Amino acid sequence: MIYGTAYVIFKKLVSLIAAVMLLIVGFDERNLPAPEGAEIIGKNTYVLFDYQVSSQGVTNDGEYFYFSGNEHLGKADMESGEIFLINTNAIPEELQAKGCNHIGGLSYYNGYVYAAVEDGPDYLNSFIVLYNADTLEFSGTYYELPHELHIEGVPWCAVDTERNYLYTAEWSNATVLNVFSLDDMSLVKTIPLSEKIDRIQGAELFDGKLYMSCDEENDMKRIFTLDVETGEVEVCFVRNIGTVFEAEGLTVYADENGDPVICVLDRGERRASNNLTFYDITG
């Protein structure tokens, strides 16, 4: 009974701390301007240990969100947003031995979470690592990416199930989209972009367009679309997330009308909180 009482007290204390932190986060964000070209339709905020689990990448399978931290993976119910499953040491030992210390963007396909894993700050080794979506455990499969195409590591990846491709690009001033075969991760081609895209943090394919989140060096963080057939780059919408957040990963799902809902993850390191914000662009 002593242990049980202590545990209940601990859980209540954690809940109280989390509630206070959420109030602080909401207070700081109250005067941020509305996005240009989109409408905010929801937001999940993660604090305490959930912040560590959800600070880098995000993807979804239509029922669950999958998150990454630097070395963590997390799984959340899409309806409630609650993270209920975690892997606190997700980078495989053999990749840790190569210096890998960072899990970036994610993408989901056929029961697996595809994760971009790199060895910052040297960025000599970049990998795509597959995890079992049910358990978040390492599947035993990973692929090394060509260094000459990932000089600054591999901050994100995106699966194209229709074409059987996986996409990556350079993080800084990307000029081409790298196209790999999902079968063996061999390079298929590179697609020149109509304009450079800088500081790409996450991307997801929806209806033939690659939606991309970029952490540009100002308050205005643009969301781009990229036509994966032509390489044409366009601004989808613009958002102002203030100075305390860094733009991170992105995922997309279809609403009840089949229209895209853009979910963008922003990390507030100074306040130890992350926002997953939902945007409607149909209006």
## Note on the structure
Assertion target for 127, 84, 67, 49, ordered by fewest C-beta neighbours within 10 angstrom first, is 84, 49, 127, 67
### Query
Using every alpha carbon pair in segment 149-200, what percent of pairs falls into each 10 Å bin from 0 up to the bin containing the largest distance?
27, 56, 18
### Query
Taking one equal scatterer on every alpha-carbon of segment 90-157, how large is log10 of I(q)/I(0) by Debye at q = 0.12, 0.17 1/Å?
-0.26, -0.52
### Query
Between segment 185-250 and segment 92-109, how many Å separate their Cα centres?
22
### Query
Which order results if 195, 79 are arranged by neighbouring Cβ count within 10 Å, fewest first?
79, 195
### Task
Kindly put 220, 185, 78 in sequence by how many other C-beta atoms sit within 10 Å of each C-beta, fewest to most.
220, 78, 185
### Message
For q values of 0.07, 0.15 Å⁻¹, compute log₁₀ I(q)/I(0) with the Debye formula on a Cα-only model of the chain, without solvent.
### Response
-0.24, -1.12
### Summary
The set of residues whose placed amide H lies less than 5 Å from the amide H of residue 109, leaving out same-chain residues fewer than 5 positions away, is 114
### Task
Grab the Cα-Cα distance for residue 32 and residue 79, subtract it from 0.36 nm times how many residues apart they are, and report the gain in nm with one decimal.
14.4 nm
### Summary
Residue by residue through segment 121-129, the couplings from Karplus 6.51 cos²θ - 1.76 cosθ + 1.60 with θ = phi - 60°, in Hz, x for Gly and Pro, are x, 6, 6, 9, 9, 10, 9, 10, 10
#### Entry: Amide H contacts of residue 133 (H built 1.01 Å from N, under 5 Å, at least 5 apart or other chain)
112, 113
### Task
Give the cross-link partners of residue 196 among the aspartates and glutamates, using a straight C-alpha distance below 13 Å as the criterion and excluding same-chain residues fewer than 8 apart.
170, 216, 232, 234
## Note on the structure
Under the rule rounded for a/c under 1.5, else prolate if a/b exceeds b/c, else oblate, using alpha carbon gyration tensor axes a ≥ b ≥ c, segment 221-266 is classed as oblate
### Hypothetical label at residue 173: residues of segment 183-203 whose amide nitrogen lies under 20 Å (7 Å Cα-Cβ projection)
191-202
### Task
Would you calculate the separation in nanometres between label points at residue 219 and residue 110, each defined as 7 Å from the Cα along the Cα-to-beta-carbon direction?
4.6
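Rounded to the nearest 500, what is the chain's calculated 222 nm mean residue ellipticity when only DSSP H runs of at least 4 contribute -39500 (n - 2.57) each, over all residues? Intermediate results must be reported in sequence, preceding the final value.
Working: 3 runs with 37 residues, N = 283.
Helix contribution divided over all residues of the chain: -4000 deg cm²/dmol.
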### Query
Once the principal axes of the Cα atoms of segment 138-261 are found, what is the range along each, listed largest first in whole angstroms?
40, 37, 34
### Query
How large is the charge dipole for the chain, taken about the Cα centre, if only the Cβ atoms of Lys, Arg (+1) and Asp, Glu (-1) carry charge, to the nearest 20 debye?
940
### Message
I'd like the Karplus ³J(HN,Hα) series for segment 265-274: coefficients 6.51, -1.76, 1.60, θ = phi - 60°, whole numbers in Hz, and an x wherever there's a Gly or Pro.
### Response
9, 10, 9, x, 4, 5, 10, 6, 8, 10
### Query
Quick one: Karplus J couplings for segment 163-179, per residue in order, coefficients 6.51, -1.76, 1.60, θ = phi - 60°, nearest Hz, x for Gly and Pro?
9, 6, 10, 10, 10, 9, 7, 5, 6, 9, 6, 5, 10, 9, 9, 8, 10
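Only the coordinates and a few stated rules stand behind these numbers; no lab work does. Because the structure is predicted, anything quoted here is derived from the model rather than measured. So basically every Cβ, Gly included, is an ideal-geometry build from the backbone, and we count neighbours across all protein chains shown.
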